[in-house]
Amino acid sequence: MSKKTIYRHFPDKRSLLAAVLDRQFGAVERTLVAAAEDAEGQPFGVRVQRFLIAAGSELGRIGAAQLATGRGDAMLRQYVEQRVDAVVYRRVDELFRDGHRRGLLSAPPELLSEITRGALERLLTSQLPRELDWTAADLLRATVDTVLYGAIRSADTGIDDEQLRAVIPTARDDEQEVGP
């Protein structure tokens, strides 16, 4: 196909790239919807893990982190950031809010969203996956296992709020004096 033919359909290079990105993010979105549907009815931790692994794999596949942080057109970088936010992070936020509403999370959902965003973005641009011979998705799974599971409340009714506070300090704990 010649340049002339392509530019009959797209007024400029930016429009062409935006169309390619829309197509890629459409595929990412379909994969994430399928992952969420496949995990429906599973325990909350499994739902989170499957969604994040699918997100990490898909974003790594299309090179979203490199597109968002790389050189090139600033408007396209911003466009990629907006699409990642709309397709991935808003769904992550809702998943954590749902877990919090159902009493499954001991940490604020906003905090978990920020931790997850930071981990995902860092792992996609890091050399660590290559150094450890793991994929970014594998490392995200390890991050979920290490960090997120510490925030998921046990279904065990034997654990009460006092025991949870012993594990996860709150601002109230900082204000209390520690006696001898």
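Values in this text are rule-based calculations from the coordinates and carry no lab data. Only a predicted model underlies this, so the values are computations on that prediction, with no experimental measurement involved. Don't worry about glycine lacking a Cβ; one is built from the backbone with ideal geometry, like all the others, and counts go over all protein chains shown.
Once both labels are positioned 7 Å from their Cα atoms along Cα-to-Cβ, the gap between residue 98 and residue 78 label points is 3.2 nm. Counting other Cβ atoms within 10 Å as a rough exposure proxy, the listed residues 88, 28 run 28, 88 from fewest neighbours to most.
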